[in-house]
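This report refers to the structure that appears directly beneath it.
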Amino acid sequence: MDNGADTAAYFALLSRELLEEPEESTTLPRIVERAVDAVPACDWSGIFLRRRRGRVELIAASSPLADTLDAWQDTLGEGPGLAAIETNESQLVEDVRNDARWPGWAARVTGAGVGSGVSVPLSTESHALGALNLYAAKPFAFDAVSVERAQLFAFHATTAFVAARLVTGLRTAVQSRHVIGAAQGIIMQRYDMTLEASFEVLRRYSSHSNRKLRDVAQLVVDQRVLPDHLDLDGAGSGAAEGGPDEE
């Protein structure tokens, strides 16, 4: 990777490798594994994803130490990864010992042997989905070239992650529809209902029990019967309102 052409070729191959992963659960571990190779200054890497109410989910790490470093950000509510998500901009920590932005987190990671780091948002055009956190044992390990490589890698990683999430979502949707259809068949046969009424029963129970529709359907398929306390009267009286969505 001595020049721009070599770098472009390297990242083209890397992008293809990441896109070949079949689903989200395998793509994310591969991303953190390859981040250490793609950014030579990096010793450890981790990813967390944005969730509701400002929380994050620790999703993948290249080592137990990387997982711990990310977990401290989540526990303390401070750190470069959280800032990268909030601002949708990369956050460089040149020397952890002398960085006053996140003192609680900095004190912990310094004690764990971390000298520097950079967090890059995994973002679409509109918002950050999460952050790629890269750590190094040495202070000042990430120069301008390293940061640029980290950002380039994050771009390809985001593309692969979004594609994998779409595939996983489609697969889950198909599986859910199969389970719901099977549950409808059981209800139709056991309780002598129409197709529409069987679906309404599932929706009503989903609403009343505050369970997702696919979970209710799976319960019916597993037990081959509806829960005894479910009132079947009026099953076709209209769509249940306010229940959980189907996703």
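The values are calculated or read from the model by the stated rules, or taken from the named source; none is laboratory data. This structure is a prediction, so every number in the text was calculated from the model and none was measured. All Cβ positions, glycine included, derive from the backbone under ideal geometry; neighbour counts span all protein chains shown. Ligands, DNA and RNA are excluded from the accessible area calculation, which covers all protein heavy atoms including side chains. Shrake-Rupley method; radii C 1.70, N 1.55, O 1.52, S 1.80 Å.
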Leaving ligands, DNA and RNA out of it, report the carbon-plus-sulfur percent of the accessible area of the range 1-145 at a 1.4 Å probe. 50
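How far, in nm, would the chain grow between THR110 and GLU196 when pulled straight, counting 0.36 nm per residue and subtracting the alpha carbon separation?
On the way: separation 86, 0.36 × 86 = 30.96 nm, distance 6.13 nm.
24.8 nm is the gain from fully extending THR110 to GLU196.
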Here the net charge surrounding ASN88, from other residues whose Cβ is less than 15 Å away from its Cβ (Lys, Arg +1; Asp, Glu -1), is -2
Rg in Å to one decimal, and Dmax rounded to a whole Å, for the range 110-159 via C-alpha atoms: 12.0, 37
Residue-level accessible surface for PHE140, protein heavy atoms, 1.4 Å, Å²: 130
LEU58 - accessible surface, heavy atoms, 1.4 Å probe, Å² rounded to 10: 60
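Quick check: net charge around SER123, other residues with Cβ under 11 Å of its Cβ, Lys/Arg +1 and Asp/Glu -1?
Numbers: positive: ARG50; negative: GLU89, GLU125.
So the surrounding residues net to -1.
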Gyration tensor verdict on the range 47-161 (Cα atoms; rounded if a/c is under 1.5, prolate if a/b is larger than b/c, oblate otherwise): oblate
Give me the net charge of TRP105's neighbourhood, meaning all other residues with Cβ under 13 Å from the Cβ of TRP105; Lys, Arg count +1, Asp, Glu -1. -1
